[in-house]
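Undergrad: Dumping the structure here so I can ask a few things about it.
The values are calculated or read from the model by the stated rules, or taken from the named source; none is laboratory data. The structure presented is a predicted model; accordingly, all values stated were derived computationally and were not measured. Cβ placement follows ideal geometry from the backbone for every residue including glycine, while neighbour counts extend to all protein chains displayed.
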Amino acid sequence: MHDKPSPHQEKHKAFELALRLLSLRQHARHEIREKLRLKGFSNEAAEHTIQRLDQLQLLDDLAFSTGFIRSRCRTKPSGPYKLRYELRKKGIDEEVIDQALDGFDSWEECKKAAIKKLPLLKGERQVRERKLQAHLMNRGFDNEVIREVLSELQTGA
């Protein structure tokens with residue numbers, strides 16, 4: 001029969017798991033905390049692990065958020081509203097999200113998303129435009145930016 005690990009052993013195992021997770025990719029503090037809790041670690045062990053990782057400067061929510069935005073823009077261009085929503089779900093503070101989105105080129109990302117989606121749309125021009133506009137709104141782009149991008153694509157086409 002297995003005995004419950006001592007608090008020291010539990011903290012050590014939680015820290016090892018967190019290091020393994022961080023070796024795969026950057027994580028937000030909230031993600032690490034939640035993954036430890038899902039694996040059955042106590043709140044005390046999870047918080048101790050977060051503190052140790054902070055002391056070792058292995059957790060940086062701003063770097064995580066910036067990397068997340070960069071990665072998302074490469075694979076699935078998204079607007080600031082959707083990116084903000086996804087980062088909130090990952091437990092990132094609003095101030096950090098604002099810093100990560102500073103310098104984000106919504107217009108350029110919207111244009112990339114539109115150009116990527118446009119060839120996949122079928123139907124008459126107006127139908128395609130409505131579908132594209134809905135797609136871009138679902139991706140988190142502002143309506144004004146969408147109109148500007150669609151206008152440029154029409155005049156450039």
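Undergrad: For residue 34, work out the one condition from (1) part of a helix (DSSP H, G or I); (2) touching a residue at least 12 places away in the same chain (Cβ under 8 Å); (3) touching a helix residue (DSSP H, G or I) at 6+ places or on another chain (Cβ under 7 Å) it doesn't fulfil.
TA: Looking at each condition in turn, residue 34 falls short on (3).
Undergrad: Among the residues in segment 57-68, are any of a type in the set (D, E, K, R), under 25 Å from residue 135 (Cβ atoms) and touching a helix residue (DSSP H, G or I) at 6+ places or on another chain (Cβ under 9 Å)?
TA: No, there is no match, as no residue in segment 57-68 is of a type in the set (D, E, K, R), under 25 Å from residue 135 (Cβ atoms) and touching a helix residue (DSSP H, G or I) at 6+ places or on another chain (Cβ under 9 Å).
Undergrad: Being more than 26 Å from residue 64 (Cα to Cα) and touching a helix residue (DSSP H, G or I) at 6+ places or on another chain (Cβ under 6 Å) narrows it down to one residue among 121, 136, 101; which is it? Working first, answer last.
TA: On the way: 136 fails: more than 26 Å from residue 64 (Cα to Cα); 101 fails: more than 26 Å from residue 64 (Cα to Cα).
Within the list 121, 136, 101, the selection yields 121.
Undergrad: Can you name the residue in segment 37-75 that is basic (Lys, Arg) and touching a residue at least 12 places away in the same chain (Cβ under 8 Å) and, of all such residues, is farthest from residue 6 (Cα to Cα)?
TA: In this case the residue turns out to be 72.
Undergrad: Something else about it: So, residue 38, is that one exposed (fewer than 11 other Cβ atoms within 10 Å of the Cβ), at pLDDT 95 or above and more than 13 Å from the chain's Cα centre (by Cα) or not? Give the derivation first.
TA: Numbers: exposed (fewer than 11 other Cβ atoms within 10 Å of the Cβ): yes; at pLDDT 95 or above: yes; more than 13 Å from the chain's Cα centre (by Cα): yes.
Spelling it out, residue 38 is indeed exposed (fewer than 11 other Cβ atoms within 10 Å of the Cβ), at pLDDT 95 or above and more than 13 Å from the chain's Cα centre (by Cα).
Undergrad: Now for a separate question. I need every pair where a residue in segment 117-143 that is in contact (Cβ under 8 Å) with a residue 40 or more places away in the chain has its Cβ under 9 Å from the Cβ of a residue that is of a type in the set (Val, Ile, Thr), sequence separation at least 6 or different chains.
TA: Filtered contacts from segment 117-143: 136/145; 136/146; 136/149; 141/149.
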